[in-house]
Amino acid sequence: MKPPKALSFIPIGLLSFACFWLMSCGYGFAPQGEHIDQRIVNIYVAPVVNKTSEAEAENILRTAFIDQILQSNRFKSASSPEQADAIIKASIISITTGVLSYRNNILAAEERMTITLEASLREKDSGKIIWSSPNVVGTADYRLQDNVNPKPARQQALAKLAKDTAENTFNLMMSDF
């Protein structure tokens, strides 16, 4: 008796999967800080310097950096500089908003918030700079509600902007760009 046609594809499929699995390259999508000395495990995020008039921006950004460390497999967040092997320092240079579109009544409908940071990762003991950039820029677009108080939408945009910019900056640190 001849086997059904559907069953004849099973060995071919298994053989194809085995070949694919054996030949896969093991490429990783997220940088893991391979260029950073393996002795560096604990990273402390220093309080962020806020050179703008945007209240609480420094706390939101610092929390976003700590979240990035907690999400990484390679590093742990240190609660004090004494426990750290390396320290992330950041300064918010500017936060600006610009109107993207208007409503019929000449009120803004959408805005873009832009943040500019100066950031560095430094070994604590030797003081050696592992990574630094004087100009990290992030943007977030957001819609303003029909009401006259744009503050809630801007606060949400600032939280998203801090998260995205911290993630981008952390990835730059880990990939040594």
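Identify all residues within region 155-175 that are more than 20 Å from Pro134 (Cβ to Cβ), out of contact with any helix residue (DSSP H, G or I) (no Cβ under 9 Å at 6 or more places or on another chain) and open to solvent by less than 10 Å² (accessible area, probe 1.4 Å); write none if there are none.
Listed by number, the list holds a single entry, Ala157.
Looking for whichever is more than 17 Å from Asn168 (Cα to Cα), touching a strand residue (DSSP E or B) at 6+ places or on another chain (Cβ under 9 Å), of a type in the set (Gly, Ala, Ser) and in a loop (DSSP other than H, G, I, E, B) here; the options are Ser79, Ser126. Which one fits?
Within the list Ser79, Ser126, the selection yields Ser79.
Of everything in region 26-66, what is crowded, with 18+ Cβ neighbours inside 10 Å, modelled with pLDDT of 95 or more and in a loop (DSSP other than H, G, I, E, B)? Give them in sequence order.
Val48
State all residues of region 132-149 that are assigned to a loop (DSSP other than H, G, I, E, B) and open to solvent by 40 Å² or more (accessible area, probe 1.4 Å); if no residue qualifies, say none.
Once the filter is applied, which keeps residues that are assigned to a loop (DSSP other than H, G, I, E, B) and open to solvent by 40 Å² or more (accessible area, probe 1.4 Å), region 132-149 yields Gln145, Asp146, Asn147, Val148, Asn149.
Sort out which residues of region 114-131 are closer than 23 Å to Asp176 by Cβ and surrounded by 12 or more Cβ atoms within 10 Å (Cβ to Cβ), and write them in order of number.
Listed by number, the residues that qualify are Ile115, Thr116, Leu117, Glu118, Ala119, Ser120, Leu121, Arg122, Glu123, Lys124, Ile130, Trp131.
Of (1) assigned to a strand (DSSP E or B); (2) open to solvent by 80 Å² or more (accessible area, probe 1.4 Å), Asn73 satisfies all except one. Which?
For Asn73, the exception is condition (1).
State which residue is most open to solvent (accessible area, probe 1.4 Å) when the search covers only region 78-113 and only residues that are among the acidic types (Asp, Glu) and either modelled with pLDDT of 95 or more or out of contact with any Gly (no Cβ under 8 Å at 6 or more places or on another chain) (or both).
The qualifying residue most open to solvent (accessible area, probe 1.4 Å) is Glu82.
The values are calculated or read from the model by the stated rules, or taken from the named source; none is laboratory data. None of the values given here were measured: they were computed from a predicted structure. All Cβ positions, glycine included, derive from the backbone under ideal geometry; neighbour counts span all protein chains shown. Each accessible area value is taken on the protein alone, full model and side chains, heavy atoms only, with ligands, DNA and RNA left out. Shrake-Rupley method; radii C 1.70, N 1.55, O 1.52, S 1.80 Å.
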